[in-house]
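Working notes for the structure below.
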Amino acid sequence: MTRAQLMVPYRFGFAALALVAVSAQFADTLENDYSVVNFFSFFTNLSNLFAVVVFTVGGVRTLRRRPGSRAWDVVRLIAVVNMVFVGLVFNLLLTEVAGGVLPWVNVVVHMVMPVAVLVDWLVLPVGRRLPWAAAGLGLVVPVLYSVYSLVRGAVTSFYPYPFYDPEALGGYGPVALYMVVLLVALAVLSVALVGLARLAGRFWKQRSRR
């Protein structure tokens with residue numbers, strides 16, 4: 001069996017785990033009369049659901065022997081940037097503000113899935129098919145999400161994360177500073193992930209020649 005075929009149950013298994021986790025948190029949200037729109041305004045929930053789709057579609061593509069493509073590589077890059085960013089931001093900045101999340105769900109969506117997506121990226125790397133310029137596309141979803149969160153927050157006063165909230169930070173100046181820092185961190189992360197994919201591709205190619 002090829003590495004891609006061996007990763008099919010891995011992808012399906014983690015996709016199922018993430019879907020169950022997000023669904024359990026959503027059920028808890030409904031039971032506590034929490035806003036559904038607010039639930040789907042958290043980057044963690046959106047990123048995990050996107051990872052579920054990417055893992056599922058990726059597994060199906062392998063079963064159908066679909067070849068890789070640059071468009072699919074970009075989709076995978078977006079998923080891995082989102083999930084690794086979720087893991088880093090939560091574990092570095094937000095460990096004390098996840099009070100409403102079920103404990104086991106918190107572990108799955110903030111710790112297990114970021115690692116699972118990164119492992120998938122390294123075990124099945126896109127290699128040199130993905131140009132360095134594609135790293136910029138890894139920023140698109142987080143940037144659009146940030147714009148949405150800031151605009152919606154100004155209208156509804158709901159901010160999914162404290163670094164978007166001007167009242168919590170003492171004005172829009174600190175919010176802008178946070179956004180610049182996060183954007184730089186995202187850019188570095190996206191470039192690093194493209195670089196890791198290229199290195200991993202070279203590693204697996206060398207192993208296959210032995």
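All of V80, V75, V60 fail the test of being free of Cβ contacts under 8 Å to residues at least 24 places away in the same chain and either touching a Cys at 6+ places or on another chain (Cβ under 8 Å) or surrounded by 15 or more Cβ atoms within 10 Å (Cβ to Cβ) (or both), apart from V75.
The set of residues in segment 21-48 being in contact with a helix residue (DSSP H, G or I) (Cβ under 8 Å, 6 or more places away or on another chain), surrounded by fewer than 16 Cβ atoms within 10 Å (Cβ to Cβ) and closer than 22 Å to F85 by Cα consists of F40 alone. Residues in segment 84-111 that are closer than 19 Å to F14 by Cβ and either buried (at least 16 other Cβ atoms within 10 Å of the Cβ) or in contact with a Gly (Cβ under 6 Å, 6 or more places away or on another chain) (or both): V84, F85, V86, G87, F90, V101, V105, N106, V108, V109, H110. Considering the conditions (1) among the aromatic types (F, W, Y); (2) touching a His at 6+ places or on another chain (Cβ under 6 Å); (3) modelled with pLDDT of 95 or more, W121 is excluded by exactly one of them, (2). Pairs meeting the criteria (first residue in segment 16-40 and under 20 Å from M113 (Cα atoms) and among the hydrophobic types (A, V, I, L, M, F, W, C), second residue outside any helix (DSSP H, G or I) and open to solvent by 20 Å² or more (accessible area, probe 1.4 Å), beta carbons under 7 Å, at least 6 apart or on different chains) are A24/L102. Aliphatic (A, V, I, L, M), over 20 Å from the mean Cα position of the chain (by Cα) and open to solvent by less than 80 Å² (accessible area, probe 1.4 Å) - does that describe any residue in segment 112-123? No, every residue in segment 112-123 fails to be aliphatic (A, V, I, L, M), over 20 Å from the mean Cα position of the chain (by Cα) and open to solvent by less than 80 Å² (accessible area, probe 1.4 Å).
The values are calculated or read from the model by the stated rules, or taken from the named source; none is laboratory data. Worth saying up front: this structure is predicted, and the values here are computed from it rather than measured. We place every Cβ from the backbone using ideal geometry, glycine too, and count neighbours over all the protein chains shown. We work out accessible area using only protein heavy atoms, side chains counted, and drop any ligands, DNA or RNA first. Shrake-Rupley method; radii C 1.70, N 1.55, O 1.52, S 1.80 Å.
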